[in-house]
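Below is one structure; the comments refer to it alone.
The values are calculated or read from the model by the stated rules, or taken from the named source; none is laboratory data. Every value quoted in this text rests on a predicted model; they were computed, and no experiment measured them. Quick reminder, even Gly has a Cβ in these numbers, built from the backbone with ideal geometry, and neighbours come from all protein chains shown. Accessible surface areas use protein heavy atoms only, side chains included; no ligands, DNA or RNA. Shrake-Rupley method; radii C 1.70, N 1.55, O 1.52, S 1.80 Å.
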Amino acid sequence: MPSLVGSEMCIRDRRCACRFQDDGLSDTTALAADSVGRTLAVGSKAGVVNVYSCEQLLSAEQRSARPLRAISNLTTAATSLAYSHDGRLLALASRAKRNALRVAHIPSLGVYPNWPTAKTPLRHAQCVAFHPRGAYFACGNDRGHVLLYRLDAYADT
């Protein structure tokens, strides 16, 4: 299956692999594609993050794409999106509101309700990233601090 981003064929031929209208019709503020080419996340000014299937986006008949899930756990613009190395986790954050960070489990399309907690010292999340093998998650905040969390599910990788 051709990848939505980074496809050598499309870059060499200088042609667009796919064009679609985001379901929410709101201004797009962040984009992220998983490294395995299964899903694409599109963050909006309204705080909604739509998760699309790349296979559906690349199908010839597809003109207006329907997301697999619209994640509406943020109330301000989604400014940072990042996938884990295997595409199982998606971190979404907004720098406009304090502690506005959520982590979604892509296979189930659910959002983890138990983290971050009210005591997690995130402040305003400026950027988010996963370790290349998934063992850690990092979040940079407005004070210039980087919070590093160990992901026990990936501890053996």
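Values as computed for the structure displayed
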read-out	value
Residue ID - most open to solvent (accessible area, probe 1.4 Å), chosen from residues in the stretch 70-91 that are touching a Lys or Arg at 6+ places or on another chain (Cβ under 8 Å) and among the polar types (S, T, N, Q)	T75
Residue match in the stretch 139-155 (condition: in a loop (DSSP other than H, G, I, E, B), of a type outside the set (A, V, I, L, M) and under 18 Å from the mean Cα position of the chain (by Cα))	no
Residues located in the stretch 112-157, provided they are polar (S, T, N, Q) and closer than 18 Å to I71 by Cβ	N114
Selection from the stretch 97-133 of residues that are surrounded by 15 or more Cβ atoms within 10 Å (Cβ to Cβ) and among the aliphatic types (A, V, I, L, M)	A100, L101, V103, A104, I106, L109, V111, L122, A125, V128, A129
Residues located in the stretch 63-89, provided they are over 10 Å from V49 (Cα atoms) and not in a loop (DSSP other than H, G, I, E, B)	S80, A82, Y83, L89
Residues being open to solvent by 10 Å² or more (accessible area, probe 1.4 Å) and either touching a Leu at 6+ places or on another chain (Cβ under 8 Å) or at pLDDT 95 or above (or both) - total across the stretch 58-69	3
Selection status of Y52, buried (at least 22 other Cβ atoms within 10 Å of the Cβ) and within 12 Å of L109 (Cβ to Cβ)	yes
Total residues in the stretch 132-148, condition out of contact with any Lys or Arg (no Cβ under 7 Å at 6 or more places or on another chain) and modelled with pLDDT under 95	3
